[in-house]
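The values are calculated or read from the model by the stated rules, or taken from the named source; none is laboratory data. The shown structure was predicted, so the numbers you read here are calculated from the model rather than taken from an experiment. Note that each Cβ is placed from the backbone with ideal geometry, even for glycine, and that neighbours are counted across all protein chains shown. Each accessible area value is taken on the protein alone, full model and side chains, heavy atoms only, with ligands, DNA and RNA left out. Shrake-Rupley method; radii C 1.70, N 1.55, O 1.52, S 1.80 Å.
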Amino acid sequence: MQQRSLAPIPLATAILTALTALGYLFRLFGGLNYFPASLIFLSLLGFGVYGFFAAVLFFRRRDIMLPIAAAALCLLNLASLPRSFSSVWSFLGCLLFLTASLGLLVWAGCSVLEPLFEYQPLTEKLWFLPGLAGALGAFLSIAASPYLGNLLGNLFSIAVYFLLSLSLVFPDGNPARTFSGPIPPAGESYEGPADFGPPRQEYPGVDDTAPVSQPWDGYCDMLKHVLLLIFTFGVWYLIWIYRTTGYLNQVEDEPPRTPTNQLLLCLFVPFYRIYWVYKSAQRLDRLANGQGVFSDLRIVCLVLAFFVAVLPPVLMQDKMNLLSGREEAPAGRPYVSPVSDEELAVRLRTYKSLLDDGLITQEDYDSKKKQILGL
């Protein structure tokens, strides 16, 4: 059985959910002396609910625990409803949050409860609805109490609800990786090419049929990468650290590093992120030079990590994009693709076989053909 790893978007969802739980805990400690009993109860309940949801996501529980976590979130929003009677905007906002959590409960049920499996195609088309309801509720709550703390808290909630909507419907966090062909019977698995993506899980309680995240080839669109670094307030940086740690484990003669451990160290150990940047840039230099691509990022990234922390991930990602083979090497420094012509031919024949068997559409085949040939 293959070892499953938490994909980037579910990982981000788990991190944000855990941070939301900590926010409830800090609010409780900050107002313990003057909060009314009802607000203390809600803070404790919020800490427990979001903490439980984060644990379910971190441990990749695709079973009954997922609907239970969503039901607990519904209970939290229902318990918050009486405190929203102070204004119409606040009440409508809380009502929309309750609607969003009910939507998450339905999505979770369709993902793990066998009688609801037939509705999965519908949830894949409408996955964003709970997130949209949560966003509308957040905007109404901001209109009811337009102070800075409420503004930041509700903007955070928008991200949490959208990511929860995405992660519940798509376990690997990527709608584009959903298998469009028929789902294999229980006990059988799809044996197609590694970069096509596994089928969705038919029986979520069985690990052998669970989707397995494929190794990241190091590529990320630079525009998306830069925008996420700037506008996610460090969340994307943490996701990128997790992914890059796993990617750089392919460097020879270097001990493998556990992505989760490195992520936690960067989160909680002061200045460890600077050390991580230095060691990762060093590994990236070795990987690039070993493939005939000049790289000397170690010292530059170390200096920039002290003064302009956002630049090292930009420089390193640019180099990884080049190593992925999806971008051209600079003039005078030819890049030799690590994928041989024979392997490309095998991939094309495999997808042609899938097309002939009716497992993928002509559009899917043409798209993968262009991707493989770099057209």
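Annotations for the structure displayed:
- Using a probe of 1.4 Å, the accessible surface attributed to residue 350 totals some 50 Å² when neighbouring protein chains are kept in position.
- Above-threshold pairs, the threshold being 31 Å between Cα atoms, out of 319/369; 279/370; 279/369; 279/352; 319/352: 279/370; 279/369; 279/352; 319/352
- Largest-first ordering by accessible area, 1.4 Å probe, given options 61, 257: 61, 257
- Simple label model, 7 Å out from Cα along Cβ direction - residue 254 to residue 128, nm: 3.8 nm
- Of the residues 324, 43, the one with the largest accessible area comes first in the ranking 324, 43, computed with a 1.4 Å probe on protein heavy atoms.
- At a probe radius of 1.4 angstrom, the accessible area of segment 231-320 per residue rounds to 50 square angstrom.
- Amide H to amide H distances under 5 Å link residue 291 with no residue, where only residues 5 or more positions off or on other chains count and H is placed in the peptide plane.
- R0 of 35 Å, Cβ-Cβ distance residue 39-residue 222: FRET efficiency to nearest 0.05: 0.20
- Our summary of shape: the Cα atoms of segment 1-117 have principal axis extents of 53, 29, 20 Å, ordered from largest down, in whole angstrom.
- Calculated from the alpha-carbon coordinates, segment 74-121 shows an Rg and a Dmax of 14.0, 42 Å respectively.
- Alpha-carbon centroid distance for the pair segment 75-123 / segment 263-289, whole angstrom: 40 Å
- Integer Hz, Karplus 6.51/-1.76/1.60 couplings in order for segment 80-89, x for Gly and Pro: 7, 4, x, 6, 9, 6, 5, 8, 5, 5
- Residue-span extension gain [residue 64 to residue 352] - 0.36 nm each, minus C-alpha spacing: 99.8 nm
- Note on residue 114: accessible area is roughly 110 Å² with a 1.4 Å probe, heavy atoms of protein only.
- In a fully extended conformation the segment linking residue 83 and residue 261 would gain 60.1 nm over its present Cα-Cα distance, using 0.36 nm per residue.
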